[in-house]
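Down below is the structure, laid out as structure tokens.
A short reminder: the numbers here are calculations on the coordinates, not readings from a lab. Everything numeric in this text was worked out from a predicted model, so none of it was measured. We place every Cβ from the backbone using ideal geometry, glycine too, and count neighbours over all the protein chains shown.
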Amino acid sequence: RILAIGNSFTMDALESHFAGICQSTNKKVIFGWPYIGGTQLSDHVANLQSHYAGYKYYKNVDYKTTTTSNTELMAAIKDEPWDYVVIQQGHYRAGVLEDYFPYVYDLVDSVKNNISNPTAKFIMFMTWADDEGCTKAEFQTYYNRDQMKMYEAVRDASVKVADSIHAVKIIPAATTMQNCRTTYIGQNMTRDGYHMNYDYGRYVLGLTWYETIFEDSALHVTYKPAAISDNMAEL
């Protein structure tokens, strides 16, 4: 049972391919993600404090996803005895260490105080750097349109935050995407410069979640999106 608290980057990881990946290796999994686009850790904390019911709650059971609108974050936290809770900072703030605090501590405490599984563990979701040609203003503001600067900042901050909240795993999507960019894919991992494209981008992201959470090689996965070739899936 996996609860993921993030935004559209968590949506990229879970909406399209993660269920098919898990089903192909007979992994029994329930996963949910309460969604509001563009949310930072500070937003989630504020929404908990105000009982804001503006989340769309996605939940996958038996490899099928249902959605519930107008949901509070706390309702998702209490919905299942989650084994893992995945934490994601907003994309452009993910490389700014000071922007995690005190919000990540507040969020972790809220989960610990309300989750029905006292042995639940935390996982840090390390998001990725933008494609080099991304025109998003925040890419300039925070990282001077420098992909490696963004990658290193997100990587370093994620590792430090994971340690500070005693996370048991880090989902290293930032490194996955840099590795992919050394192949013939190049600077074409996203659909808009920063969100993963729907086919191979989301697929490789789902594989990264799979390997990290289940500690099982992605080479055992037989599922692939219909839109990509066998050669692309093998890559």
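Computed quantities for the displayed model
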{"item": "Residue in the stretch 101-115 that is farther than 26 Å from Ile77 by Cβ and touching a residue at least 24 places away in the same chain (Cβ under 8 Å) present", "result": "no"}
{"item": "Some residue of the stretch 182-191 being touching a Cys at 6+ places or on another chain (Cβ under 8 Å) and either loosely packed, with under 13 Cβ neighbours inside 10 Å or aromatic (Phe, Trp, Tyr) (or both)", "result": "no"}
{"item": "From Ser24, Ser16, residue being of a type in the set (Gly, Ala, Ser) and over 17 Å from the mean Cα position of the chain (by Cα)", "result": "Ser24"}
{"item": "Per-region count, the stretch 157-214, residues under 27 Å from Lys27 (Cα atoms) and of a type in the set (Asp, Glu)", "result": "2"}
{"item": "Enumeration of residues in the stretch 147-171 that are charged (D, E, K, R), surrounded by fewer than 19 Cβ atoms within 10 Å (Cβ to Cβ) and out of contact with any Phe, Trp or Tyr (no Cβ under 9 Å at 6 or more places or on another chain)", "result": "Glu152, Asp156, Asp163"}
{"item": "Sole residue being in contact (Cβ under 8 Å) with a residue 60 or more places away in the chain and among the basic types (Lys, Arg), chosen from Lys64, Lys27, Lys59", "result": "Lys27"}
{"item": "Selection within the stretch 74-116 - within 15 Å of Ile165 (Cβ to Cβ) and within 14 Å of the chain's Cα centre (by Cα)", "result": "Tyr84, Val85, Val86, Ile87, Gln88, Gln89, Ala94"}
{"item": "Subset of the stretch 206-232 [closer than 19 Å to Glu15 by Cβ and in contact with a helix residue (DSSP H, G or I) (Cβ under 7 Å, 6 or more places away or on another chain)]", "result": "Gly206, Leu207, Thr208, Trp209, Tyr210, Glu211, Ala218, Val221, Tyr223, Lys224, Pro225, Ile228"}
{"item": "Test: residue in the stretch 122-135 that is within 23 Å of Cys22 (Cα to Cα), out of contact with any helix residue (DSSP H, G or I) (no Cβ under 9 Å at 6 or more places or on another chain) and exposed (fewer than 15 other Cβ atoms within 10 Å of the Cβ)", "result": "no"}
